[in-house]
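These notes are about the structure you will find just below.
The values are calculated or read from the model by the stated rules, or taken from the named source; none is laboratory data. The shown structure was predicted, so the numbers you read here are calculated from the model rather than taken from an experiment. Glycine also receives a Cβ, built like all others from the backbone with ideal geometry; neighbour counts cover every protein chain displayed.
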Amino acid sequence: MSKPMRMFNPEMETMPHEQMRALQLERLKRMVAYCYERVPMYRTRMDEMGVKPADIRTLSDVSLLPFTVKDDVRDNYPYGLLAVPMKEIVRLHASSGTTGKPITAGYTRNDLNNWAEMVARLCVAGGASDEDIAQISFGYGLFTGALGLHYGLEKLGATVVPVSSGNTERQIMLMRDFGVTVLIATPAYAMYMAETAERMGLIHELKLKYGILGAEGSTEEMRAELERRWGGITVTENYGLTEIMGPGVAGDCIYKDGMHINEDYFWCEVVDPDTGKTLPDGEYGELVITNLVKEGQPMLRYRTHDITRIIDAPCACGRTSRRIEKIRGRSDDMLIVRGVNLFPSQVETALLGVKGIGPHYEIVLTRKNYMDKVQVKVELLDGSLLESYGALEELRREIQANIRRICQLDMEITLVSPNTLKRFEGKARRVTDLRNQ
Ligand code: ADP
Ligand code: ZN
């Protein structure tokens, strides 16, 4: 048998820091000049700020550049930020629109090749190789997830099964029949699929080894639960966004200690979301990404709204790249409840720390007499508990205490029958905020 792949591109993935910084600087300079020459919005902004491409002499000079925000992409819908003539664009994608009107991205042939390369790297980092059979259970279409993983996995030589999302029982049947070893899905859908496989009694007939999940966050607790439910697989996650490329910006290796950034393609900074000031590595803030190599629609200092921090410590896998920690949440997902900041992921952590309840939950916020109220609905694993008031109360109190400890808030807990809350085939939507209605 051939030796398993450890890295897809060892030269880039283990490049010494100094050499990588030199490469990044060279690419940054070229990219800033390219954007200035070809994209009117960048030229106007830089002129207004009195910055010229020649002012970029070090990587930290990136902070001289203007930020780009989601509204810039929307305002220039659909083609206003393209840096090449339409003839050179060979693919268009649009974001799934989790937070509003869709935004578009155009790719040249080189962009697509580079994209496949970065995705191939993170799939290998997550355990996949050319021996694997990978089922893509992301929805195919304008969403970048499915085609991004599709071409990355093909590039590395895995066998791709492009099922798309939905029709979950059929998905499980195909996994068994085709001997699928790698699952590509959102964490929420991967959980729903695991439940379905359990219910069909097929979970132990599957050959699944790796879940390479992404497009939304999940907590460590949810990852562990997924690994357990699927019978001891390794679950890694990866990160990306349409504006910048799609999946491929960063991905976990099997040590799961932060997502390795594809640093030869992206310059990542973390900034204070309020002041925009760049923060030192290790501090939490908003991730800001600059494309270092992209022809179609490159972004300079794109504000992702995703909250994380940069880890710059060696990793056991031998890759030298800086990593981003698990995303805590989008800054626009952060809820302020009675003056306390709350990320839905904190509720997830609190719930998954309690035995007897399932991994599905919903958060509903209401306001009465100027008082915010949070209701958390969560499923019982054993529905017969609903008959026993005492046991139910005890469980409710345990959940409440865990939530208070982790979120510093009191919430109302509603325990519901198994299999009654909504399941998701793509990104989960667990929060309903009715406070301003
Ligand atoms: P939309 O904004 O419509 O969801 P995208 O499909 O481009 O559009 O999604 C990109 C966003 O998805 C990221 O900005 C981030 O908020 C989220 N995301 C993607 N991967 C992850 C991940 N591994 N962890 C947390 N969030 C993620
Ligand atoms: Zn690693």
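Quick rundown of the values:
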| quantity | calculated |
| --- | --- |
| Of all residues in region 362-402 being among the charged types (D, E, K, R) and not in a strand (DSSP E or B), the one that is nearest to GLU221 (Cα to Cα) | GLU398 |
| Qualifying position, being of a type outside the set (S, T, N, Q), under 30 Å from LYS87 (Cα atoms), part of a loop (DSSP other than H, G, I, E, B) and in contact (Cβ under 8 Å) with a residue 24 or more places away in the chain, among ASP264, ASP281 | ASP264 |
| Hey, ARG322 in contact with a strand residue (DSSP E or B) (Cβ under 6 Å, 6 or more places away or on another chain), touching a residue at least 40 places away in the same chain (Cβ under 8 Å) and either over 20 Å from LEU23 (Cβ atoms) or within 15 Å of ligand 1 (Cβ to nearest atom) (or both) or not | no |
| Qualifying residue in region 217-234 (condition: away from ligand 1 (no atom under 15 Å from the Cβ), among the acidic types (Asp, Glu) and over 30 Å from ALA105 (Cβ atoms)) | yes |
| Tally of residues being part of a helix (DSSP H, G or I), touching a residue at least 40 places away in the same chain (Cβ under 8 Å) and closer than 27 Å to LEU421 by Cβ across region 137-167 | 1 |
| Residue match in region 206-215 (condition: within 30 Å of LEU25 (Cβ to Cβ) and within 16 Å of ligand 1 (Cβ to nearest atom)) | yes |
| Among the candidates ARG228, ARG223, ARG170, residue that is outside any strand (DSSP E or B) and crowded, with 21+ Cβ neighbours inside 10 Å | ARG223 |
| Residue among LEU92, LEU122 that alone is aliphatic (A, V, I, L, M) and within 16 Å of ligand 2 (Cβ to nearest atom) | LEU122 |
| Residue within region 89-106 that is over 28 Å from the mean Cα position of the chain (by Cα) and either in contact (Cβ under 8 Å) with a residue 24 or more places away in the chain or surrounded by 15 or more Cβ atoms within 10 Å (Cβ to Cβ) (or both) present | no |
| Matching residues in region 74-91 - criterion: being modelled with pLDDT of 95 or more and not in a strand (DSSP E or B) | TYR79, GLY80, LEU81, LEU82, ALA83, VAL84, PRO85, MET86, LYS87, GLU88 |
